[in-house]
Amino acid sequence: MKLVATVLRRLRDGVIVLWAAASLTFLGMQHSGGDTALAIVGGPDAMPSAELLAQVRAEYGLDQPLWRQYLSYLGRLAQGDLGESYRLRISVVQAIGEQLGATLALASTAALLAVALALASALLTANRGRRLRALVSGGELVLSAVPNFVIGTVLLLAFSFYFHLLPPSGSAGWQSLLLPSLALGLPIAALLAQVLRQSLEQVLEQPFITQARARGMSDTGVRLRHALRHALVPLVTLAGYVFASLLGGAVVLELLFGRQGIGRLMLDATANKDVPLVLGVTLLAAAIYVLVNLLVDLLTQAIDPRTAHH
Amino acid sequence: MPAAQRHMLTPMLLASALLFGGCSPPAPPHTASSLKGEAVTAVNGIMRYPASDFVEQREGLRGGTLRVSAATDSGSFDIHGLSHGNMQWLGRILFDCLVYQAEDGTLTPWLAKAWDISADGLTYTFHLRDDVTFSDGARFDAETVRLNLEHMRDPATKSPLAAAYIAPYLKGRVIDDFTFEATLREPYAPFLDVLSQAWLGMISPKQILEAPRSIATRPIGSGPFVLDSYVRDQGAMFSRRAGYDWSPPAIKHQGEAYLDRLELSYVPEAMIRYTALEAGDSDMALDAPPQNAAAIRANPQLTLRSRIRKGNPARSITFNVERVPFDDVRVRQAMAKAIDRDGLAWISGFGEFLAKGDYLAVNTPGYDPVAQDALAFDPATANRLLDAAGWTERAADGVRMRNGQRLQATLLTYDNPAFPANVAVAVQADLRKIGFAMAIEVLPLTRVMQLRYAGEFDAIGGGYWHTNTADGLYILYHSNAIPSARLIGQNVGHFRDAQLDQYLGEARRSTDPQRRRELYRLAQQRLGETVPAVPSVESQMLLAYRKAVGGVLFDGSHNVPLFTSVWLAKEQP
């Protein structure tokens, strides 16, 4: 019962977050300057007629006062209608749907890679030889500080341009997924490994670990069965950060590797003042963020039941 | 059509700068006096591409898939509803036009076999081919032409270009199945020229009537290829249209296209387009990066072509002539003479771009070299002109002053690969040498567009307008083209000169080719004297392809590859 109440409360909060995200983006787009109708049919290479601009303003309601545009947008949103992209002239749902799969594939592969690398690095090096630890930790520090387009470029130079092992661009097949996922996942892996190692090392100092060792448990057993579970809590709370890095990084890496995806869609939409599409992508990001945070809370409770009482 | 390619982020460039920072330029600046890699000749002092670039030389091999990469996705295939530069070659893949403009500007038959123009220049009667079909089976006929012209100007099409180009079109009449009569509001000599541009191609009448919204993603044309599949921002697949037999007679190609398929991919990073070509992962790269031009030329497997867009060349500055100090023609002349356009050509084109000092691209029908040296680089004369204009005092920092007012202005620009920041800074540095303080303001494109049409700027950086007629001068500099509440004109600097208006207006109305040529010569001379903008380089498109690619012909209007005649020497491994 308590669980259901928590979920319901969080979903209510989620709706408020979505409303706030939509409203702020709406205001932001209005204040970014530029004439929306001109952005739709203008461009540096266009000669639209005055009648056409008037037609576009009327069709998209741009001639209405701002508050009315806002209310009618919210009204349509409440009915689940995200509208039509100004630039692509297809529905926002279709535009996002076309691109979502590619971004999900990139983000989930990168996230899996990041978690796997972080677990491996932290478990193998926590409280182990000082030199090894310093070396690995130093490498992680560098990786987490380098922007992912630099990592992407280095990977491209090595694996695509020099050894010709992997394709430099495109969205076809797992081969084209590998380099961008690594470029996206490595900085995240580095940060997660740092946090996890520190927390593992704290846990390994706890009396219950000494007890476990006294019972004759092997070092590997202690690390995997006792220490890891406790050390995971701070890691899970970083999920929000991980999600933001994945989305932000996708914009850059989709462009660098010539991949399809939400990031590129968002970039083009913002540059063209394609308000419905920007709002659509923002709402999607906010919705995923809400869900991720909900899952994190539930997961934290499962890992460490004490947090449920806070 | 100026540069429509945007590049909001250039991570690859940034990264290259980080990784390879410290490298010096490969050679000192020098002037490219002729186009590299092109067999150009001078005819009456005007550079010309060889005729063999535009006419099929021999029959090609059939079959194969050509893999082409391009920088950006136009997001739609509705030629009438777009102004994107990609349509120049994409349009030719899918659609045909009524008439075809040969490279020398001659108008030749295409879907129209012949035409008559009334003596008053108001009525055009087109005699159409009767054997043309669209890929959905619809027949091409007089009603098709009427529907297409209506579709171009229908506000629902949201046409940013085609509608403006046919603005003088009043009404159309179907005389019989294959005879169509177009009536204009006023004589408009460039009518046939614009009808031959790819944005004004013919779309299936069935699609226009039944599903106009599907043109954006599933276009139906009568062209040499049909669209099989399209993935946004990724690419498109085209296959040969069986039974195609109506390419423009001027290109001397017979029957269907040679290639079985065309595989187009959109690769935003120039370096990746180049590397894929070099590795043999693609056969042709449109928009080849000038920074890799030397490497492409050095590679025996690759060919690099350099194609000048007809129309108005690239500008470094367009002046707002209603603002001080640009209301004074001497200041505008001084600016044009103070900017080292050879230097600009070098830093933007790495030795590939031709410096340009007059107002029409060298291959535009009607180009005349009368004013080619009027604005030659000459800082000494520039200084004298500013002295004569009264800017004789100097501030402590060396900037000229007049009556206590500094000689300064702001150059408005946006992040634009055709006018990159280093070019803006070079312009700034050249102007500083004659005592002009030019600040640079970089704003988002949408904001720049608004300020541009509102006339709220001192000077605006970059820009070119590609069209296939000297009427491009009317579009940019005639006082009728000044933006107003009723018109989004391209004369954004509010330039107004009665003499120039007279030349350009009469050239539009005249039906005498000899007279039009003379008027355009006078107009070019007048522009060299009145300087509404500073020309900088020819607007050029670089194209690279592998040696196995044969039959690369160029379109007479747009100077982009025509894939109808392209063939592959052998199937790829």
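The values are calculated or read from the model by the stated rules, or taken from the named source; none is laboratory data. Everything quoted here is computed from the prediction, not taken from an experiment. Glycine gets a Cβ as well: all are built from the backbone with ideal geometry, and neighbour counts include every protein chain shown. Please note that ligands, DNA and RNA were not included when accessible areas were found on the heavy atoms of the full protein model with its side chains. Shrake-Rupley method; radii C 1.70, N 1.55, O 1.52, S 1.80 Å.
Listed by position, the helices (runs of 4 or more DSSP H) inside the range B:449-537 whose residues that are under 23 Å from B:P417 (Cβ atoms) number at least 1 are B:472-477.
Elements of the type helices (runs of 4 or more DSSP H) sitting completely within the range A:1-89 and holding at least 1 residues that are under 26 Å from B:T72 (Cβ atoms): these cover A:2-30, A:36-41, A:50-59. Candidates are the residues of the range A:45-72 that are at the interface with another protein chain (Cβ under 7 Å from one of its Cβ atoms) and over 18 Å from B:T446 (Cα atoms); the one that is surrounded by the most Cβ atoms within 10 Å (Cβ to Cβ) is A:Q55. Considering only residues that are surrounded by 11 or more Cβ atoms within 10 Å (Cβ to Cβ), of a type in the set (A, V, I, L, M, F, W, C) and part of a helix (DSSP H, G or I), which ones fall in the range A:211-226? A:A212, A:V222, A:L224, listed by residue number. Go through the range A:90-136 residue by residue and tally those that are over 22 Å from A:Q194 (Cβ atoms) and part of a helix (DSSP H, G or I). Of the residues in that region, 16 qualify.
Can you say whether B:T144 is more than 27 Å from A:A37 (Cβ to Cβ), open to solvent by 10 Å² or more (accessible area, probe 1.4 Å) and more than 14 Å from chain A (Cβ to nearest Cβ), as far as the supplied structure shows? No: the conditions fail for B:T144. If you go through the range B:170-212 and pick out every residue that is more than 26 Å from B:T511 (Cβ to Cβ) and open to solvent by 60 Å² or more (accessible area, probe 1.4 Å), you end up with 4. Of all residues in the range B:371-404, exactly one satisfies the criterion of being closer than 18 Å to B:A429 by Cβ, of a type outside the set (D, E, K, R) and open to solvent by 60 Å² or more (accessible area, probe 1.4 Å), namely B:F377. In this structure, B:I220 does not qualify as among the hydrophobic types (A, V, I, L, M, F, W, C) and open to solvent by less than 30 Å² (accessible area, probe 1.4 Å).
Scanning the range A:254-273 for residues that are within 7 Å of chain B (Cβ to nearest Cβ), open to solvent by less than 20 Å² (accessible area, probe 1.4 Å) and over 15 Å from the mean Cα position of the chain (by Cα) gives A:L255, A:L256, A:G258, A:A271, A:K273. Contact map, the range B:485-498: residues that are within 14 Å of another protein chain (Cβ to nearest Cβ) paired with residues that are surrounded by fewer than 24 Cβ atoms within 10 Å (Cβ to Cβ) and part of a loop (DSSP other than H, G, I, E, B), Cβ distance under 6 Å, separation 6+ or inter-chain. Pairs shown: B:G489/B:I482; B:G489/B:P483; B:N491/B:I482.
Among all positions in the range B:507-519, there is at least one residue which is buried (at least 19 other Cβ atoms within 10 Å of the Cβ), free of Cβ contacts under 8 Å to residues at least 60 places away in the same chain and within 23 Å of the chain's Cα centre (by Cα). Determine whether the range B:253-271 contains at least one residue that is outside any loop (DSSP other than H, G, I, E, B), polar (S, T, N, Q), open to solvent by 10 Å² or more (accessible area, probe 1.4 Å) and within 14 Å of another protein chain (Cβ to nearest Cβ). Scanning the range B:253-271 turns up at least one residue that is outside any loop (DSSP other than H, G, I, E, B), polar (S, T, N, Q), open to solvent by 10 Å² or more (accessible area, probe 1.4 Å) and within 14 Å of another protein chain (Cβ to nearest Cβ).
State all residues of the range B:273-296 that are in a loop (DSSP other than H, G, I, E, B) and in contact (Cβ under 8 Å) with a residue 24 or more places away in the chain; if no residue qualifies, say none. Within the range B:273-296, B:G280, B:D281, B:S282, B:D283, B:L286, B:D287, B:A288, B:P289 qualify. Residue count for the range B:109-140 satisfying the condition of being open to solvent by 20 Å² or more (accessible area, probe 1.4 Å) and within 24 Å of B:D512 (Cα to Cα): 13. Kindly check whether there is at least one residue in the range B:466-477 that is open to solvent by 20 Å² or more (accessible area, probe 1.4 Å) and more than 13 Å from every other protein chain (Cβ to nearest Cβ). So far as the range B:466-477 goes, no, none of its residues is open to solvent by 20 Å² or more (accessible area, probe 1.4 Å) and more than 13 Å from every other protein chain (Cβ to nearest Cβ). Is the range B:260-270 home to any residue that is modelled with pLDDT under 95 and within 30 Å of B:R48 (Cβ to Cβ)? Checking the range B:260-270: at least one residue is modelled with pLDDT under 95 and within 30 Å of B:R48 (Cβ to Cβ). Open to solvent by 10 Å² or more (accessible area, probe 1.4 Å), modelled with pLDDT of 90 or more and polar (S, T, N, Q): does that describe B:S282? So B:S282 does not fit the description; no.
The listed residues are A:S176, A:S181, A:S169, and the only one of them that is of a type outside the set (K, R), in contact (Cβ under 8 Å) with a residue 12 or more places away in the chain and not in a helix (DSSP H, G or I) turns out to be A:S169.
None of B:S83, B:S118 is under 30 Å from B:V68 (Cα atoms) and not acidic (D, E) except B:S83. Inspect all residues belonging to the range A:110-126 and state whether any of them is open to solvent by 30 Å² or more (accessible area, probe 1.4 Å) and either modelled with pLDDT under 85 or within 14 Å of chain B (Cβ to nearest Cβ) (or both). Checking the range A:110-126: not a single residue is open to solvent by 30 Å² or more (accessible area, probe 1.4 Å) and either modelled with pLDDT under 85 or within 14 Å of chain B (Cβ to nearest Cβ) (or both). Among the residues of the range B:107-149, write down those that are assigned to a loop (DSSP other than H, G, I, E, B), in contact (Cβ under 8 Å) with a residue 12 or more places away in the chain and of a type in the set (S, T, N, Q). Within the range B:107-149, just B:S135 meets the criteria.
In the range B:405-426, of all residues being more than 16 Å from B:S348 (Cα to Cα) and in contact with a strand residue (DSSP E or B) (Cβ under 6 Å, 6 or more places away or on another chain), the one that is most open to solvent (accessible area, probe 1.4 Å) corresponds to B:Q408. Taking the condition in contact with a Leu (Cβ under 8 Å, 6 or more places away or on another chain), modelled with pLDDT under 85 and under 20 Å from A:L106 (Cβ atoms), does A:A239 pass? Here the answer is yes, as A:A239 does meet what is asked. I'd like to check something: does the range A:91-99 contain any residue that is at pLDDT below 85, among the β-branched types (V, I, T), under 27 Å from the mean Cα position of the chain (by Cα) and farther than 24 Å from B:R452 by Cβ? Within the range A:91-99 (the criterion being at pLDDT below 85, among the β-branched types (V, I, T), under 27 Å from the mean Cα position of the chain (by Cα) and farther than 24 Å from B:R452 by Cβ), the answer is no, since none of the residues qualifies.
A single entry from A:G83, A:G97, A:G75 fulfils the requirement of being in contact (Cβ under 8 Å) with a residue 40 or more places away in the chain and more than 10 Å from chain B (Cβ to nearest Cβ): A:G83.
Within the set A:E98, A:E140, the sole residue that is touching a Ser or Thr at 6+ places or on another chain (Cβ under 8 Å) and among the acidic types (D, E) turns out to be A:E140.
The residue pairs whose first member lies in the range A:230-245 and is touching a residue at least 24 places away in the same chain (Cβ under 8 Å), whose second member is open to solvent by 50 Å² or more (accessible area, probe 1.4 Å), and whose beta carbons are closer than 6 Å, counting only pairs six or more residues apart or on different chains, are A:V236/A:L299. With the requirement that a residue be under 18 Å from B:S557 (Cβ atoms), touching a strand residue (DSSP E or B) at 6+ places or on another chain (Cβ under 7 Å) and of a type in the set (F, W, Y), what does the range B:148-201 give you? Hit for the range B:148-201 is B:F191, nothing else.
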